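Structure record follows, encoded as C-alpha cells.
The values are calculated or read from the model by the stated rules, or taken from the named source; none is laboratory data. On a predicted model such as this, the values are computed, not experimentally measured, just so you know. Methodologically, a virtual Cβ is constructed for each residue, glycine included, from the backbone with ideal geometry; neighbour enumeration extends over all protein chains shown. Just the protein is used for accessible areas: all its heavy atoms, side chains included, with ligands, DNA and RNA removed. Shrake-Rupley method; radii C 1.70, N 1.55, O 1.52, S 1.80 Å.
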Amino acid sequence: DGGITQSPKYLFRKEGQNVTLSCEQNLNHDAMYWYRQDPGQGLRLIYYSQIVNDFQKGDIAEGYSVSREKKESFPLTVTSAQKNPTAFYLCASSPRTDFLEKLFFGSGTQLSVL
Amino acid sequence: GQQVMQIPQYQHVQEGEDFTTYCNSSTTLSNIQWYKQRPGGHPVFLIQLVKSGEVKKQKRLTFQFGEAKKNSSLHITATQTTDVGTYFCAGHSGNTPLVFGKGTRLSVIA
C-alpha cells in the first residue's frame, strides 16, 4: 500500500529535550517537505529536500533540523532551541522537484510540551 | 517574500447554501493548488490551475484562476455536510516552494 507514513501520531516533549519525528514514503518521490500547522495559521514550511543529501530551509527553520540520507526518509528533529514547539507537523512528498506537482501528505504528528 | 492571503477565515452556512473562498497573491503565480483538510485529518489535493483565466469544475466545486494569475476562488454550490473542513489555496512562483494561505474553515449546519 503506497503512501507517506508519519510516526508517532502523538508526541510529548519535555523541557530541553530534542525529539525526532519520522516520515517515510514508498512513492519513489524525489521531493519531501515538512510543514508546521498551528490553529488559524495555515501551513508553514520548515524544511524541504529535492534530492538525497541535500535540503533547504523554509520560512520557519529556526529550532529545527532535518536529514535526507535515503530517498524514502526525511526525519525532522525539533531541538530544545524551538521554544514553542506545540503544533501539528505534516510531512509531504511530491514526484517532481519544480513545485508544479501536487503534494501528498502524511497523517501528521501532534507534538505537545509537557 | 511571496504572500498568499485567503478570505474569509471562517464561514458558517446552512446546508444547501453556496460557499466561496478567495485567495490573493502578492506576486504573479505560476500555478495555484487547492487542498481540503477534514477535521482531524491531513490536507488532500483537490485541483491545480495553471492557465490565466482557467476555470475547472469538479461536480459541485468550481475553481477559477484570475486573468492576472494573482487570485483564485473556490465556489461550492449547494453545500452538503460532507463539505465540512478547511480549504487551503497554495501558490507557486519563481523557484520557491508552494506558499499556503491560512485557509477557510467551512461549517455546514444541517
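Computed values, structure above
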quantity: In the range A:1-47, trypsin sites (Lys or Arg not before Pro) in a DSSP loop with at most 16 other beta-carbon atoms within 10 Å; calculated: A:Lys9, A:Lys14
quantity: Span from the the range A:68-86 Cα centroid across to the the range B:38-110 one, whole angstrom; calculated: 29 Å
quantity: Calculated from backbone phi, Karplus (6.51, -1.76, 1.60) coupling profile of the range A:16-29 in Hz, x at Gly/Pro; calculated: x, 9, 8, 10, 10, 9, 9, 9, 10, 10, 10, 8, 6, 7
quantity: Rg to Rh, two decimals, where the range B:27-110 supplies the alpha carbon set and Rh follows Kirkwood; calculated: 0.98
quantity: Two-decimal log10 I(q)/I(0) for the protein assembly as shown, as the Debye equation yields it once each C-alpha is a single scatterer, q = 0.09, 0.14 Å⁻¹; calculated: -0.37, -0.87
quantity: 3J(HN,Hα) from dihedral phi, the range A:59-65, Karplus parametrisation 6.51/-1.76/1.60, rounded to Hz, x for glycine, proline; calculated: 6, 9, 6, 4, x, 10, 9
quantity: Solvent-accessible area per residue for the protein assembly as shown (1.4 angstrom probe, square angstrom); calculated: 48 Å²
quantity: Rounded FRET efficiency, nearest 0.05, which uses the C-beta distance separating A:Thr5 from B:His75 and R0 of 30 Å; calculated: 0.30
quantity: Measure of compaction for chain A (Cα Rg per 2.2 N^0.38 Å); calculated: 0.99
quantity: In the range A:68-101, GluC sites (Glu not before Pro) in a DSSP loop with at most 11 other beta-carbon atoms within 10 Å; calculated: A:Glu69
quantity: B:Lys59 versus A:Glu62: modelled label distance in nm, points set 7 Å from Cα along the beta carbon direction; calculated: 4.5 nm
quantity: Under DSSP loop assignment and at most 13 Cβ neighbours within 10 Å, longest trypsin sites (Lys or Arg not before Pro)-free interval of chain B; calculated: B:60-110
quantity: Exercise: per-residue mean of other protein chain Cβ atoms within 10 Å, B:90-98; calculated: 5
quantity: Among A:Ser7, A:Pro39, A:Asn84 the positive-end extreme of the charge dipole of the range A:1-89 (Cβ point charges); calculated: A:Asn84
quantity: Relative contact order [Cα under 8 Å, 6+ residues apart], chain A, whole percent; calculated: 35 percent
quantity: Lys/Arg +1, Asp/Glu -1 at C-beta; chain B dipole; positive extreme among B:Pro97, B:Gln37, B:Gln6; calculated: B:Pro97
quantity: Other protein chain Cβ atoms within 10 Å, averaged over every residue that makes up B:37-49; calculated: 4
quantity: Pairs of Cα atoms farther than 15 Å apart, the range B:1-62, %; calculated: 65 percent
